[in-house]
Amino acid sequence: MMAFLEINNLHVEAGGREILKGVSLSVDKGETCILFGPNGSGKSTLLSAIMGYSTTKVTDGHILYNGRDITGLTVDERARMGIGMMMQRPPDVTGVKLGALVNETLKNGHGIECDASLFNMEGFLKRDVNVGFSGGEIKRSELLQLLAQSPNFVMLDEPESGVDLQSIGLIGNKIHELINGKKDEKKGVSALVITHTGQIMDYIHADKAYVLMEGKVHSTGKPEDILRGIKANGYTEVSK
């Protein structure tokens, strides 16, 4: 059976350099995969390439989503197919109000009606997207936008980074609902999650983990086992 997301021998350039050097991995339907790796290993570049951002250029390989080759599709085409992403540090969008962006997503997509109060974002709806937001506020804003989009496949780039202890519980629980569904709903989406600390794993059920180093996948296994190995011995031993 073909995976929901399948990456085959992906080579990607960013900033004029080859960052990904033949990455192959897969995420099954309803599966949550963790992506570990040291800084500069290409994790964020991989997510950006899957989303189709212009900052990346695929030079070889293919990205298959739900059986379709999406390597050449635009960002909005991929979003309409149900792919959503939370960036580690999204750009400020001056002149665009958060509430207007969320409402437009609901109107043009297949999103569900969402309540900003669930994310403590009621006072931010008339503010420009991300302008003057703290780290935790940006994460909550991104989650509100993802909820409006209601994607089938989500990518989260270090969702716990820059988040204070007061906010991590709220963000972690909302990510759990986004990925695994609420207790009273039979809902779950596929996910690829980058984490350095593993803290987000306290809130979501992760099925599989990959270790990305120097632009290549070096190992795969159970997320808890790999995280334990990284903490004990670093990435060098884990990649053997």
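Rule-based calculations on the coordinates, nothing more; no lab input. It should be emphasised that the depicted structure is a prediction, and the values quoted were computed from it without experimental measurement. So basically every Cβ, Gly included, is an ideal-geometry build from the backbone, and we count neighbours across all protein chains shown.
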Going by C-beta contacts inside 10 Å, put Leu144, Leu170 in order with the fewest on the left. Leu170, Leu144
Can you figure out the FRET efficiency of Glu77 with Asp164, using R₀ = 41 Å and their beta-carbon distance, to the nearest 0.05? 0.70
With a ≥ b ≥ c from the Cα gyration tensor eigenvalues, square-rooted, and the rule rounded for a/c under 1.5, otherwise prolate when a/b > b/c and oblate otherwise, the stretch 46-102 is prolate
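Relative to the present Cα-Cα distance, how much length would full extension add between Arg228 and Arg127 at 0.36 nm per residue of separation? Kindly include the intermediate steps, with their values, before the conclusion.
Numbers: separation 101, 0.36 × 101 = 36.36 nm, distance 4.14 nm.
The Arg228-Arg127 span can extend by a further 32.2 nm.
Where in the chain are the helices, taken as whole DSSP H runs, whose Cα atoms extend 20 angstrom or more along the long axis and whose Kyte-Doolittle mean reaches at least 0.0?
Details: long enough: 135-149 (21 Å, -0.17); 165-180 (22 Å, 0.42).
The answer, listed by residue number, is 165-180.
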Once the mean 1/r over all distinct Cα pairs of the chain is inverted, what Kirkwood radius in angstroms do you read off? 18.2
In deg cm²/dmol, rounded to 500, what helix-only [θ] at 222 nm does the chain give when every DSSP H run of at least 4 residues adds -39500 (n - 2.57) and the total is split over its residues? -9500 deg cm²/dmol
Quick note on Arg17, Arg80, ordering by fewest other C-beta atoms within 10 Å, gives Arg17, Arg80
Would you mind getting me the FRET efficiency between Glu237 and His205? Use the beta-carbon distance for r and R0 = 25 Å, nearest 0.05. 0.45
List the GluC sites (Glu not before Pro) within the stretch 72-171 that fall in a DSSP loop (any state other than H, G, I, E or B) and whose Cβ has at most 16 other Cβ atoms within 10 Å. Glu113
